[in-house]
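Right, one structure below, let's go through it.
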Amino acid sequence: MKRLFILFTCLFLSIHIYCQENNCLSITKSKQQEQLEIAINKINHGINSKFVESQKLYFSEATDILRSLNDKEEYPIVNYYLALTYIYKPDNNFTLAEQYLKKVIDACPDDIPEAYFHLGKLAYTTNQKCDAINYFKKFLTYQGDFDTLFTEAKMLMKWSEEICELINNPVPFNPKIVKGISSQLDDYLVSLSPDNEIAYYTRKTKDFQISGYKSEPAFQEKFYFSYRISDNVFDNGKEMPYPFNRNENEGGATITGNNKELIYTVCKMVTSPRQYYNCDLYSSKNIKGYWTDIVPLERVNRPDTWESMPSVTADGKELYFVSNRSGGVGGYDIYKSIKDENGEWSEPINIGKPINTSGDEKSPFIHTDTRTLYFSSNGRPGIGGYDIYYVKINDNNEKTEVKNIGYPINTENDEVGFIVSIDGKYGYFSSNNIKNESIGGMDFYYFSLYNEAKPEEVILVKGNLKSDDTTKPIKATVQIKSMESKRITFIPVDEDGDYVASLLKNEDYLLTIKGEDIVYQSTYVAAKDSITAPVIKLEMEVQPIEVGKHYRLHNIYFAFNSADILANSQKVLDEFIVFLNDHPTLQIGIEGHTDNVGSDEFNLILSENRAKAVYNYLVNNGIDANRLQYKGFGESSPIATNETEEGRAMNRRTEFVILND
């Protein structure tokens, strides 16, 4: 609180006190005037001293002199300087300072304008932002040599108006406990996997330290994880296995969308070349169910700076974190590192203004949409110490206005460690200030996030590419094509065949397997109109190109009892045309199949017409007719039972067979 007051140390201690005709600015006797000058001089020395003990001495002596001057009769000018001593001395007393300043304006409402400035600043510092506005407005009406104070008053009044607006327009906030993670111990530094299935957090556990014959209780931070049981209910958690929990202080984790790479903070005492407590970022990979030994992020960490609070994008390509390295905007800034094609993290870059400020930023959280960044800051107008803010960042790195998430989510306390569910429905935070819900200590809470503060709607696609040949690693990538923007991105596939992609729900997508001598295989994701869960699991089969083998063309749909190809299915065929153009010697046969609903004759004709419709679409879009054949099989070749709707849907299909390569 004191920091704000020492931003501008010009106190206007040179108020004219010798004007005898003005009782507000004068003292009756010359000897008393001399004593007042001595007190003012000691206040100046106290402010300018760099040593706390000297400051205490100067302010104590000034206070004694000023009190003695007021012993028989109170003087407004003496009360003004008494207020300043209580503001600026190390053990400040803002309540007494406010009382003295109010006495000044009660006795002399227009003679000491600086009293209004300091009352406004006191109100601002003690979180009475709405009261501060009126004091600053009053101060700014006066004429005088107040340039420095006017500049500060205008700035603080603007900030007060912004904060008062937040307080007068509260956002919905009804926090509830997250069961399982929350315990009677302190549970904090919570993060969720992008699919929201696993929570990682720090729990302060009670252990016993053995000293000689004694065993004394002691608390130690342990790195925990919990699996989600249902909506906002998790199991009670377990300690993270080896190689975690090997250091005194570790946690604050973030994990990629495939749940295979975890990055977290490890803090320990460094003894060489000098002794200091340092935090760095480390990573571990989950390979076939086991975590590898942790390794430091060499290009991200620096030997003499603090790196912590990581947040990685779901695709694992961008890492946000906090560091106090030199050359930043403020003290602790948010930085970003990008993973290159070789899997190495780049030299971090400061994400700059307006996100970073001259103050400190903490706990960045990049949502699964990869566009919405939530973070805490004490360097901009806020309701408390650290407030939660959010900003949107587009593909061109253009940032929207940074917005305070609002009151009463933000309070007079420090709000840090805020995260949001993948569907944007819930906000999460740890706190020991929610008394009605608390289980004990610091607990983990959720609340319904209001619309304006929600991230972009997103779908997390997680899948696995399967192959009949399990002896060789899968050499393939997944191409994602945006159906409206036509933007194409490639998603790497790991050695287990797993892939993950975060897709905005503002358009549909076509996922296609790409690789040498791999047959066409795609899946259409109707994200734009999807009302399904925010996490979709898709398994696709990697199959080689083989003559005589039949392959299904997924997502080829027709109007009811018709051969009219639906618009979305035409987009799938467009990508099939790309495959055929990439393999110009292939000759294929298009085959149509139906379920058993309707007569055999009708189904045979319908399947023939549908196969012909696909044939015609390919020919009309540039494929040589000599490479193509078509045939309908009706209901004669089912691949599933026709007794269920699910089975009948599988039997209604379009296939192609390789005739010649």
Helix 94-107 against the longest principal axis of the chain: what's the angle in degrees, Cα atoms only, rounded to the nearest 10?
60
Convex hull volume per residue for the range 538-604, taking Cα atoms only, in Å³:
139
Kindly flag which residue pairs out of Lys399/Lys537; Lys238/Lys505; Lys285/Lys399; Lys260/Lys514 have an alpha-carbon separation exceeding 29 Å in this structure.
Lys399/Lys537; Lys238/Lys505; Lys285/Lys399
Between Asn394 and Asp340, what is the FRET efficiency for a Förster distance of 25 Å, r being their Cβ-Cβ separation, to the nearest 0.05?
0.70
Charge dipole magnitude, Cβ of K and R +1, D and E -1 - the chain, Cα centre, debye nearest 20:
1220
Whenever you get a sec, compute what percent of the accessible area on the range 468-524 sits on carbon and sulfur atoms (1.4 Å probe).
49
Along the charge dipole of the chain, pointing to its positive end and built from +1/-1 on Cβ of Lys, Arg, Asp and Glu, which listed residue (Ile434, Thr63, Gly343) has its Cα farthest out?
Thr63
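What does the charge count around Gly316 come to, taking other residues whose C-beta lies under 14 Å from its C-beta (Lys +1, Arg +1, Asp -1, Glu -1)?
Net charge around Gly316: -3.
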Mind checking the full-extension length gain between Val597 and Lys158? Use 0.36 nm per residue of separation minus the Cα-Cα distance, one decimal, nm.
150.9 nm
Solvent-accessible area per residue for the chain at a 1.4 Å probe radius, Å²?
49
Around Tyr276, with a cut-off of 12 angstrom between Cβ atoms, what is the net charge of the other residues, counting Lys and Arg +1 and Asp and Glu -1?
+1
How much accessible surface area, in Å² rounded to 10, belongs to the heavy atoms of Thr594 with a 1.4 Å probe?
10
Which one of Val52, Ile355, Tyr390 has its Cα pushed farthest toward the positive end of the charge dipole of the chain, where Lys and Arg give +1 and Asp and Glu give -1 at the Cβ?
Val52
MRE, 222 nm, helices only [DSSP H, n ≥ 4, -39500 (n - 2.57), over the chain, to nearest 500]
-7500 deg cm²/dmol
Peptide ranges 355-365, 67-77 listed from the most packed, as the mean C-beta count within 10 angstrom indicates
355-365, 67-77
Just how many % of Cα pairs in the chain lie over 44 Å apart, if you round to the nearest whole percent?
43
Along the principal axes of its C-alpha atoms, what lengths does the range 265-317 span, in descending order and rounded to whole Å?
40, 22, 16
May I have the convex hull volume per residue, in Å³, for the Cα set of the range 229-293?
115
Scattering curve values for the range 69-195, log₁₀ I(q)/I(0), Debye with Cα scatterers, q = 0.15, 0.18, 0.20, 0.21 Å⁻¹
-0.76, -0.96, -1.11, -1.19
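Classify the range 363-461 as rounded, prolate or oblate from the Cα gyration tensor: take a ≥ b ≥ c as the square roots of its eigenvalues, call it rounded if a/c is under 1.5, otherwise prolate when a/b beats b/c and oblate if not.
oblate
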Just want the answer: with Cβ charges of +1 for Lys and Arg and -1 for Asp and Glu, which residue in Tyr135, Ala123, Asn169 is farthest toward the dipole's positive end in the range 116-202?
Tyr135
Over its alpha-carbon atoms, the range 152-288 yields an Rg and a Dmax in Å of 20.3, 65
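For the range 482-624, divide the Cα radius of gyration by the Kirkwood radius and give the resulting Rg/Rh value with two decimals.
My calculation of the ratio gives 0.97.
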May I have the pair-distance distribution P(r) for the range 258-358, computed from all Cα-Cα distances with 10 Å bins from 0 and rounded to whole percent?
15, 45, 31, 9, 0
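Grab the Cα-Cα distance for His45 and Lys204, subtract it from 0.36 nm times how many residues apart they are, and report the gain in nm with one decimal. Don't skip to the answer; put the middle values down first.
Numbers: separation 159, 0.36 × 159 = 57.24 nm, distance 4.54 nm.
Extending this stretch completely gives an extra 52.7 nm.
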Per principal axis, descending, Cα span of the range 125-177 in whole Å
54, 15, 15
Give the Debye-formula value of log10 I(q)/I(0) at each listed q (0.10, 0.17, 0.24 Å⁻¹), with one equal scatterer per alpha carbon of the range 462-563, two decimals each.
-0.31, -0.85, -1.37
What accessible surface, in Å², does a 1.4 Å probe find on Ser448, ignoring ligands, DNA and RNA and rounding to the nearest 10?
70
Compute the signed sum of charges (Lys and Arg +1, Asp and Glu -1) over the other residues within less than 10 Å, Cβ to Cβ, of Gly632.
+1
If you count, for each residue, the other Cβ atoms within 10 Å and average over each peptide, how do 533-546, 579-592 line up from highest to lowest?
579-592, 533-546
Which whole-number value in Å³ per residue fits the convex hull of the alpha carbons of the range 474-533?
88
About its Cα centre, what dipole magnitude does the range 353-492 give when the only charges are +1 on Lys and Arg Cβ and -1 on Asp and Glu Cβ, stated in debye to the nearest 20?
620
Can you pull a Stokes-Einstein diffusion coefficient for the range 320-391 at 25 °C (0.890 mPa s), Rh from Kirkwood over Cα pairs, as a whole number of µm²/s?
193
Calculate the FRET efficiency for Arg67 and Asp91 from the Cβ-Cβ distance with a Förster distance of 22 Å, rounded to the nearest 0.05.
0.85
Based on alpha-carbon atoms only, what is the radius of gyration of the range 588-661 relative to the globular estimate 2.2 N^0.38 Å?
1.16
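The values are calculated or read from the model by the stated rules, or taken from the named source; none is laboratory data. Note that the structure is predicted; figures quoted are calculated from it, not measured. Note that we place each Cβ from the backbone using ideal geometry, even for glycine, and neighbour counts take in every protein chain shown. Ligands, DNA and RNA are excluded from the accessible area calculation, which covers all protein heavy atoms including side chains. Shrake-Rupley method; radii C 1.70, N 1.55, O 1.52, S 1.80 Å.
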